[in-house]
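Asks: Take this structure, written in structure tokens, and hold onto it; I'll ask about it next.
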Amino acid sequence: MATAEQSYDIADISLADAGQKRIEWAERRMPVLRQIRERFERERPLDGITMACCLHVTTETANLIRTLLAGGADVALCASNPLSTQDDAAAALVDRYGAQVFAINGEDNDTYYRHIAAAVERRPQVTMDDGADVVGILHGERTDLLDGVIGGTEETTTGVIRLKALEREGRLGYPIIAVNDAFTKHFFDNRYGTGQSTLDGIIRATNLLIAGSRVVVIGYGWCGKGVAMRAKGHGAHVVVCEVDPLRALEAVMDGFDVMPGVEAAKVGDVFISVTGDRDAVDRRMFAVMKSGAIVCNSGHFDVEVNKDDLDTITVEKFRPRPFVEGHRTRDGREIFLLADGRLVNLAAAEGHPADVMDMSFANQALAAEHMVRDHDKLERKVYPVPTEIDQEIARLKLASKGIEIDSLTEKQRKYLASWDQGT
């Protein structure tokens, strides 16, 4: 159990060497974040700032934490998902890089929340969330610490939804930048990262041949678009389920079948939820699924698949493979739930490739710097990532790939400006 006096609570400190090697391997594919870290080491923009970070504890995240430490921050890191922690990365962060880490792969629910509480006990001035769990504690049982927080960042669609609800209710205690909404985050991380890593998790867990399977993608936001794109690339017949008519129409125009969830449940082989909401797969769908159906989630929380509804029709559970839980139903069907309904791409695989997390975590680092510098100019609202940060990250990423682009001429700038001014 972590206490206020402990500087870490991890599985095994002896894993640090293996963790360091994997962190350095990921760094090779994260040139934007590396450039930011080098500047942070010179300028120390986070000097004296205490940060509580609730993120997936992976090798890519470790490189973000190294960047924050290089900028002068005092960092306490806890896991945003009990199954996504890479214990060797946690060990290296503590032993080789000097971070305070509270995360153990497979930790139970009580330990998970004790670890978040341990990070919050550091009395952070800046929060960095992946699902708004730190924000939830600070706006719940630890409102006494709110006055000391100058700002925060949030990386997920699910977290931004929670934050905007707090803002609408007039209860948001400090300004927060929605890193998830940056173009260099959701265009790439949500679409290409989630698309690849979700299929990776499903294949690792099941060894399923995607080609020829009917894959049902529930939710057609940026994550859903990426999953559908990658499933189609593997040769799947893709069905999309949506509640938003514009997104549903977009899925049709992209060449996918679109139908209600209950109708899709009758024909689907693999079901992937990416909505950011709860009960995207529930009793109505479980009741008509074919025997052998595989169900998983790539949304942040494990409420997208209603596990209670599945348990209600289950007479026997069994584990044919790691990360696969079989449910034998009263009528003799078998339904397979992956990764306990948690993020299949992080629980059963390694999450997004470092190349795409390079941009997401560059956004986190630069948003934290912006918040420390300009927090006194901000209200208690959810803010987008400043455009100049988004564009700088894109510029750095292009440069790291050796790609040059055109610039507007002065004549072109004046022409566009005349249209902006209505002349």
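Asks: Given an 8 Å cut-off on Cα distances and at least 6 residues of separation, report the relative contact order of the range 1-107 as a percent.
Replies: Values: 218 pairs, mean separation 40.8, N = 107.
Once divided by the residue count of the range 1-107, the mean separation gives 38 percent.
Asks: Less than 12 Å Cβ to Cβ from Val315, Lys/Arg counted +1 and Asp/Glu -1: what total charge do the surrounding residues give?
Replies: On the way: positive: Lys317, Arg328, Arg330, Arg333; negative: Asp311, Glu316, Asp331, Glu334.
Summing Lys/Arg as +1 and Asp/Glu as -1 gives 0.
Asks: Just to confirm, what accessible area per residue do you get for the chain at 1.4 Å probe, in whole Å²?
Replies: Each residue of the chain exposes 44 Å² on average to a 1.4 Å probe.
Asks: Still on this model: Scale the Cα Rg of the range 289-423 by the rule-of-thumb value 2.2 N^0.38 Å and send over the ratio, two decimals.
Replies: 1.73
Asks: How large is the dipole of the range 378-420 about the Cα centre if only Lys and Arg carry +1 and Asp and Glu carry -1, each at its Cβ, rounded to the nearest 20 debye?
Replies: The calculated dipole for the range 378-420 is roughly 60 debye.
Asks: I've got another one for you. When the chain is treated as a GNM, springs tying every alpha-carbon pair under 10 Å, which of Gly332, Gly195, Gly136 comes out with the largest mean-square fluctuation?
Replies: Among Gly332, Gly195, Gly136, the largest GNM mean-square fluctuation belongs to Gly332.
Asks: Which of Lys185/Lys266; Lys307/Lys381; Lys185/Lys225; Lys266/Lys317; Lys164/Lys266 have a Cα-Cα distance over 26 Å?
Replies: From Lys185/Lys266; Lys307/Lys381; Lys185/Lys225; Lys266/Lys317; Lys164/Lys266, over 26 Å: Lys185/Lys266; Lys307/Lys381; Lys164/Lys266.
Asks: Also, I was wondering about something else. Quick check for me: using +1 on Lys/Arg Cβ and -1 on Asp/Glu Cβ, what's the dipole size of the chain about its Cα centre, in debye to the nearest 20?
Replies: Charge dipole of the chain: 980 debye, to the nearest 20.
Asks: Now for a separate question. Can you list, largest first and rounded to whole Å, the semi-axes you get for the range 4-58 by taking the square root of 5 times each eigenvalue of its Cα gyration tensor? List each step's numbers first, then the result.
Replies: Values: eigenvalues 104, 79, 20 Å².
In descending order the semi-axes read 23, 20, 10 Å.
Asks: Note down the net charge around Ala79, summing +1 for each Lys or Arg and -1 for each Asp or Glu among other residues with Cβ under 10 Å from its Cβ. Numbers along the way, then the final one.
Replies: Details: positive: none; negative: Glu107, Asp130, Asp133.
Around Ala79, the charge tally is -3.
Asks: On to the next question. Leaving ligands, DNA and RNA out of it, report the carbon-plus-sulfur percent of the accessible area of the range 246-310 at a 1.4 Å probe.
Replies: 51
Asks: Another question, if that's okay. Which of the peptides 318-331, 94-107, 336-349 is most tightly packed, and how do the rest follow, judged by the mean count of other Cβ atoms within 10 Å per residue?
Replies: Working: 318-331: 14.4, 94-107: 21.3, 336-349: 24.6.
Averaged packing, sorted descending, gives the order 336-349, 94-107, 318-331.
Asks: OK, next. Averaged over every viewing direction, what's the projected area of the C-alpha convex hull for the range 100-245? Give it in nm², one decimal, please.
Replies: 10.9
The values are calculated or read from the model by the stated rules, or taken from the named source; none is laboratory data. Keep in mind that this is a model prediction, so the values were computed, not measured. Neighbour counts run over all protein chains shown; Cβ positions are idealised from the backbone, glycine included. In case anyone asks, the SASA skips ligands and DNA or RNA and just uses the protein heavy atoms, side chains included. Shrake-Rupley method; radii C 1.70, N 1.55, O 1.52, S 1.80 Å.
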